[in-house]
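Trainee: Below is a structure I'd like to ask you about.
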Amino acid sequence: MNEIYLASKSPRRLELLQQMGVACKTVLLREESNRNRDIDESPLAGENPFIYVERMAKMKAEIGMLRARQRGLPSMPLLAADTIVVFNGSIFGKPGDAADAKRMLKMLSGTRHEVLTCVAVTDGKQLLHDTCVSRVRFRDLLESEIDAYIASGEPMGKAGAYAIQGLGAIFVERLEGSYSGVMGLPVYETSMLLSRFKIRLL
């Protein structure tokens, strides 16, 4: 067996899983900005970033499996993930608007930050997870570069307001850790988790 459900609409996660030889069927969670939203992604007061990213990934996996069962889908393992940027202990998720993206990028300019990606896999009986930590250093960014990057549209929908697999790579001076983890799905940790559920990769 090498087929799973993916509780994410991220094309990057889908691409990485397909690169690993895993076939995916997407189970979408409700993301409307009202009371019908499946996941409230607001951090709890004083919540540790590691606890937060693990809580999000596990919650997405659990709700994704619930939605799959409610829709009468065949039984298969389900994978969910969550990625955040952490700067000076503060969680940077997806920017709310262009001004928020600019705020994040100006703070990340010329400094080092961490990218945490937690992957969670469940078959409805057990749920396993692992968190990948990578450290990224940005070069000094000109305000004109930040403005042009925001105008490209790429920062929106990306944790920390940048995409390392896209134009945002020109800002990265140094990376310690997992490139795929910064993209949103650490391949090594994911492969180890999937093997626990008998998902064949080779």
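Trainee: Take the residues in segment 186-202 that are in contact with a Ser or Thr (Cβ under 7 Å, 6 or more places away or on another chain) and in a loop (DSSP other than H, G, I, E, B); name whichever of them is surrounded by the most Cβ atoms within 10 Å (Cβ to Cβ).
Mentor: My answer is 186.
Trainee: Continuing with the same structure: Let me spell it out: the conditions are (1) under 16 Å from the mean Cα position of the chain (by Cα); (2) surrounded by 20 or more Cβ atoms within 10 Å (Cβ to Cβ); (3) farther than 24 Å from residue 55 by Cα, and residue 146 meets all of them except one. Which number is the exception?
Mentor: (1)
Trainee: Next up: Between 189, 176, which is in contact (Cβ under 8 Å) with a residue 60 or more places away in the chain and under 17 Å from residue 133 (Cβ atoms)?
Mentor: 189
Trainee: Of all residues in segment 1-50, which are surrounded by fewer than 16 Cβ atoms within 10 Å (Cβ to Cβ) and basic (Lys, Arg)?
Mentor: 9, 25, 30, 35, 37
Trainee: Please give the number of the condition residue 94 fails out of (1) at pLDDT 95 or above; (2) basic (Lys, Arg); (3) farther than 14 Å from residue 186 by Cβ; (4) touching a Gly at 6+ places or on another chain (Cβ under 8 Å).
Mentor: Failed condition: (1).
Trainee: Oh, and also: I need the full set of residues from segment 73-88 which are in a loop (DSSP other than H, G, I, E, B) and under 24 Å from residue 194 (Cβ atoms), in order please.
Mentor: Hits for segment 73-88 are 73, 74, 75, 76, 77.
Trainee: Out of segment 84-119, which residues are within 18 Å of residue 177 (Cβ to Cβ) and of a type in the set (D, E, K, R)?
Mentor: Listed by number, the residues that qualify are 112, 114.
Trainee: Residue 153: of a type in the set (Gly, Ala, Ser), at pLDDT 95 or above and not in a strand (DSSP E or B), yes or no?
Mentor: Criteria met by residue 153.
Trainee: Inside segment 21-46, can you point out the residues that are more than 17 Å from the chain's Cα centre (by Cα) and in contact (Cβ under 8 Å) with a residue 12 or more places away in the chain? Let's see the steps before the verdict.
Mentor: Here is the first cut: in segment 21-46, the residues more than 17 Å from the chain's Cα centre (by Cα) are 21-23, 25, 32-37, 44-46.
Across segment 21-46, the qualifying residues are 21, 22, 23, 25.
Trainee: Hey, another quick one. Is it the case that some residue within segment 150-170 is in contact with a strand residue (DSSP E or B) (Cβ under 8 Å, 6 or more places away or on another chain), among the aromatic types (Phe, Trp, Tyr), over 28 Å from residue 68 (Cα atoms) and surrounded by 14 or more Cβ atoms within 10 Å (Cβ to Cβ)?
Mentor: No; the residues of segment 150-170 include none that is in contact with a strand residue (DSSP E or B) (Cβ under 8 Å, 6 or more places away or on another chain), among the aromatic types (Phe, Trp, Tyr), over 28 Å from residue 68 (Cα atoms) and surrounded by 14 or more Cβ atoms within 10 Å (Cβ to Cβ).
Trainee: Give the residues of segment 156-185 that are over 20 Å from residue 17 (Cβ atoms) and either assigned to a helix (DSSP H, G or I) or not acidic (Asp, Glu) (or both), sorted by residue number.
Mentor: 156, 160, 161, 162, 167, 168, 169, 170, 171, 172, 174, 175, listed by residue number.
The values are calculated or read from the model by the stated rules, or taken from the named source; none is laboratory data. Because the structure is predicted, anything quoted here is derived from the model rather than measured. Glycine gets a Cβ as well: all are built from the backbone with ideal geometry, and neighbour counts include every protein chain shown.
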